[in-house]
Amino acid sequence: MYFDNFVIILELNMLFVTEFEFEVGEKEKHEINFKYSKWLGDITIKSDGVVIAKNRVLLAGQSPIINVSVGNSEKHNLRFDVRPQGLFFLKPTIAVYVDDKLFKDY
């Protein structure tokens, strides 16, 4: 019974959280982690495990744009465009730009 409840909670969490990782840089590499908790509206962006940006979506349907820079000797500008879609905005599209070029839609 406990295990079944845990699986249900885990599945609901996956429904309400969008998370992905990618790497930027050629010589100076950085692991970028993006996490959007749709239940609370929290957005957290990490570079190499360190939080570099936090934001909160306060209104349903709001489309935040988050700009951050990473790197020391090899700098990169990252932009995250969060576009809510679908029923209750549960399937957002997150467009990621690296140095003003579309890197990927998640």
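The table for this structure:
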read-out: Total formal charge among the other residues, if their Cβ is under 9 angstrom from that of residue 95, Lys/Arg +1 and Asp/Glu -1; value: +1
read-out: Charge context of residue 66, other residues only, Cβ under 14 angstrom, K/R +1, D/E -1; value: +4
read-out: Under 5 Å, built H, 5+ apart or other chain: amide partners of residue 57; value: 42, 43
read-out: FRET efficiency estimate (nearest 0.05) - Cβ-Cβ, residue 72 to residue 100, R0 22 angstrom; value: 0.65
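Every read-out reported here was derived from the displayed coordinates using simple, explicitly stated rules and does not represent laboratory data. In this text the structure is predicted, and so the values were computed from the model without any measurement. Every residue, glycine among them, receives a Cβ derived from its backbone with ideal geometry; neighbour counts consider all protein chains shown.
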